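No value in this document is a laboratory result; all are computed from the given coordinates. Because the structure is a prediction, the values reported are computed rather than measured. Using ideal geometry, Cβ is built from the backbone for each residue, glycine included, and neighbour counts are taken over all protein chains shown.
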Amino acid sequence: MEKAEQKEWNLWEIYDDTQLQELEKLNEAYKAFLDAGKTERECVTEIVRQAEAAGYRDLYSMDAVKAGDKVYATWMEKSIALFHVGSEPLEQGMNILGAHIDSPRLDLKQNPLYEESGFAYFDTHYYGGIKKYQWVTIPLGIHGVIVRKDGTKEVVSIGEKEEDPVFAVTDLLVHLSSKQMEKKASAVVEGENLDILIGSRPLAGEEKEAVAAQIMKLLADTYHIEREDLMSAELEVVPAGKARDCGLDRSMVMAYGQDDRICAYTSLAAMLDVETVSRTSCCILVDKEEIGSGGATGMHSRFFENAVADLYEKLGGFSELKLRRTLARSTMISSDVSAAYDPMYTEVYDKKSTSFFGKGPVFCKHTGSRGKSGSNDANAEYIAKLRNVFDAHEVHFQMAELGKVDAGGGGTIAYILAQYGMEVIDGGVAVLCMHAPWEISSKADVYEAYRGYCAFLKDMK
């Protein structure tokens with residue numbers, strides 16, 4: 001099929017029975033991954049589990065590495081890099097798949113517990129770009145860690161089991177909301193009103209803040225912590241519930257955190273499934289993209305560079321020049337979600353240059369905002385190479401932009417890796433309802449993205 005004709009096709013019409021079976025199997029595994037990893041820490045734990053089952057070993061525990069070895073490196077339990085060492089010298093560069101594993105959410109503040117008028121609340125601060133009004137009156141769970149002064153740690157996950165309680169942000173009843181309904185959408189719910197309701201039962205015998213005291217007793221009995229331990233906690237508030245099939249035809253996935261765990265999972269699956277590589281393959285899955293990729297676990301940190309340096313040392317000898325050459329000669333797909341065309345909101349899309357469900361992974365030559373501000377802007381020569389690889393493996397893809405030029409924009413971690421001089425392009429999977437508590441993707445696009453990433457790792461030069 002000629003690529004010029006691709007818009008007239010849908011992947012569901014192209015796949016044979018074997019591919020449709022593979023598609024369903026992959027998407028069941030994808031949904032399980034989403035359920036297991038609702039935070040960046042949980043994602044890293046699950047990725048390590050799958051990697052070790054596939055023969056990967058901890059790079060930092062090894063004395064030496066050779067061609068054919070599969071290794072991983074984690075940092076602060078929030079970011080991970082996997083390497084499959086190829087037969088070609090590392091200095092010739094790597095084929096890199098990159099994505100982020102953090103998602104928009106609510107975070108508990110460091111002194112979160114308080115009581116007001118017989119209700120106990122946790123005070124929150126939203127993380128990343130959200131429509132605040134979408135987070136009210138839906139079941140919420142709490143995930144994360146609490147670390148005591150002695151360094152011991154308690155892992156928290158409340159709201160995912162059938163028998164677990166859930167939490168909620170309350171909203172004003174419609175009967176009394178005439179003034180609220182006149183506000184702009186950005187102000188209908190204020191950030192300081194996104195506190196989650198966690199209790200209403202007072203502790204017997206307590207006269208002051210008895211409901212908050214009851215909450216602390218429950219936390220102490222369950223997790224053996226004191227109130228002050230909440231100061232050294234990372235607790236995230238996320239939608240409670242499992243990833244589900246969407247649509248009567250079960251053609252879609254509806255789940256929290258698909259931005260950008262849809263790209264993280266398909267990249268990981270390709271990394272684990274490609275058995276033999278000549279050019280070293282790499283998968284980087286990082287934290288903090290939704291807030292600018294800063295901090296020790298974001299892409300702006302030296303974590304990835306340091307991991308490659310460590311890999312070089314264990315391959316037989318590190319040098320700064322070899323490291324720089326490796327990074328400069330590498331090729332990368334920086335994967336993040338794109339905005340799928342939504343016929344309910346046609347006014348913000350340029351239909352000629354947007355992504356659609358059922359058309360395969362999306363490539364964006366340039367991202368950024370309005371006048372390409374913040375764009376990586378991939379080279380035409382590199383795009384031509386990618387086209388050649390994808391066509392050779394009969395992988396269908398689409399080229400798109402996020403929306404109309406003046407409507408807004410966005411980007412990925414591509415521009416950060418591009419600073420090393422490597423060839424990088426923004427790619428990913430189209431989703432509906434991006435950054436909402438529940439996002440929607442096409443099962444066909446999940447499968448085709450996986451096929452494309454496999455092709456990239458095998459044959460990109």
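Assorted remarks:
- Net lengthening on full extension, residue 155/residue 461 (0.36 nm per residue, minus Cα-Cα): 105.9 nm
- DSSP-defined antiparallel bridges as percent of all bridges, the chain, nearest 5: 70
- Taking the inverse of the mean reciprocal distance over all distinct Cα pairs, the Kirkwood hydrodynamic radius of the chain comes to 23.4 Å.
- If you count Lys pairs in the range 105-239 whose Cα atoms are under 20 Å apart, skipping same-chain pairs closer than 8 places in sequence, the total is 14.
- Dipole check for the range 105-239: with +1 at the C-beta of Lys and Arg, -1 at the C-beta of Asp and Glu, and the Cα centre as origin, the magnitude is about 460 Debye.
- Centre-to-centre separation between the Cα atoms of the range 53-78 and those of the range 34-51: 16 Å.
- Selection from 106, 93, 37, by position along the positive dipole direction of the range 1-122 (Cβ): 106
- Spin-label model distance (nm) - residue 173 vs residue 15, 7 Å beyond Cα toward Cβ: 4.7
- Amide H contacts of residue 94 (H built 1.01 Å from N, in plane; Pro and chain starts excluded): 330, 331 sit under 5 Å, all sequence-distant by 5 or more or on other chains.
- Ascending count of other beta-carbon atoms within 10 Å, so fewest first, for 260, 350: 350, 260
- Relative contact order for the range 118-249, counting Cα pairs under 8 Å that sit 6 or more residues apart, in percent: 38
- Each label point was placed 7 Å from the Cα along the Cα-to-Cβ direction; for residue 328 and residue 296 their separation is 3.2 nm.
- Residues residue 352 and residue 381, FRET efficiency given R0 of 25 Å [Cβ-Cβ distance, rounded to 0.05]: 0.55
- Residue order for 135, 75, fewest other beta carbons within 10 angstrom first, comes to 75, 135.
- For trypsin sites (Lys or Arg not before Pro), the sites in the range 109-150 that DSSP calls loop and that have at most 10 other Cβ atoms within 10 Å are 149.
- The residues 319, 375, 335, when put in order of fewest to most other Cβ atoms within 10 Å, stand as 319, 375, 335.
- DSSP-assigned coil residues among GluC sites (Glu not before Pro) in the range 60-165, each with at most 13 further Cβ atoms within 10 Å: 162, 163
- Put a dot 7 Å past the Cα of residue 88, heading toward its Cβ, do the same for residue 275, and the two dots end up 2.2 nm apart.
- Dipole of the range 105-239, positive end: most advanced residue of 197, 129, 223 [Cβ charges, Cα centre]: 129
- Among the trypsin sites (Lys or Arg not before Pro) in the range 152-203, those located in a DSSP loop and surrounded by at most 16 other Cβ atoms within 10 Å of their own Cβ are 161, 179, 183, 184.
- Computed helical MRE - 222 nm, the chain, DSSP H runs ≥ 4 contributing -39500 (n - 2.57), nearest 500: -8500 deg cm²/dmol
- Point-charge dipole on Cβ atoms (K/R +1, D/E -1) for the chain, about Cα centre, debye to 20: 1000
- Each peptide in 117-126, 286-295 was scored by the mean count of other Cβ atoms within 10 Å over its residues; highest first, the order is 286-295, 117-126.
- Candidate lysines for bridging to residue 385, where Cα separation is under 24 Å - those fewer than 8 sequence places away on the same chain excluded: 3, 7, 352, 359, 365, 372, 458, 461
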